[in-house]
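Taking it in order: structure first as structure tokens, then the write-up.
The values are calculated or read from the model by the stated rules, or taken from the named source; none is laboratory data. Keep in mind the model is a prediction, meaning the values are calculated, not measured. Because the Cβ atoms are built from the backbone with ideal geometry, glycine has one as well, and the counts that use them run over all protein chains shown.
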Amino acid sequence: MIYIVKALNPNPDNQPTTVDLREVTAAWTFHMAVMPSNEAGKSITIRFYDSEGVAYNYTLDGANFPEQGWNEATIEMSEFVDLGLDFANKGLITGGEWGTEYFRIIGDEANFVVDGSTFGLDDTYITDNGTSSGIEKNSAKDKATALLTGNGLLKVVNNPSVGFDIFSITGSLILSSKTDIANVERIPSGVYIVKAGSKSMKFVVE
């Protein structure tokens, strides 16, 4: 069962479009938030294609998606590099007249639910974890921004440290995260303070 396919389709002028993944290295990380609904507990395969159309698969066990609601998953891009995906030389993917596929998520074809199957995908990105010069330049601005995404995740961008804490307006610790992302779906409505390293930001839950 194919859940999602990202294809490069020509623009209205029928000009080729591209995705440039040539800077991706084994130090990068792939992140996604998945809402499998009736497919909860079933495996999902992440597939990247290189510029020659060769597919590289990595399957996440269903234990990574136990909830019908949102589940976070991360994969080290070193897994794909170890499979032979050469981003530096084959990471520039160009879509021709009929388009070119470069990314796909595949469900458990043998066991998926036929009736009522739904699948949500959000907060999907590849990050260099602060290792590339571009990210370092952004971090040098010495700022951090808290973003609440639609799936109930709070992500701290340009985090000056590792992880962050959320406090109530009276100073009580509400939640701690050891990464730059945390699920805040169950936090009651109100105003909170996010502390990331030396930075503090107001965070409103509506």
Filtering the stretch 166-199 down to residues that are surrounded by 14 or more Cβ atoms within 10 Å (Cβ to Cβ), farther than 23 Å from Asp122 by Cα and not basic (Lys, Arg) yields Phe167, Ser168, Ile174, Tyr192, Ile193, Ala196, Gly197
Just give me the residues in the stretch 27-54 being within 18 Å of Gly84 (Cα to Cα) and surrounded by 14 or more Cβ atoms within 10 Å (Cβ to Cβ), in sequence order. Ala27, Trp28, Thr29, Phe30, Thr45, Ile46, Arg47, Phe48, Tyr49, Asp50, Ser51
Criterion (at pLDDT below 85 and assigned to a loop (DSSP other than H, G, I, E, B)) met by exactly one of Val114, Val156: Val114
Could you say which residue among Thr59, Thr17 is closer than 29 Å to Asp180 by Cβ and among the β-branched types (Val, Ile, Thr)? Thr59
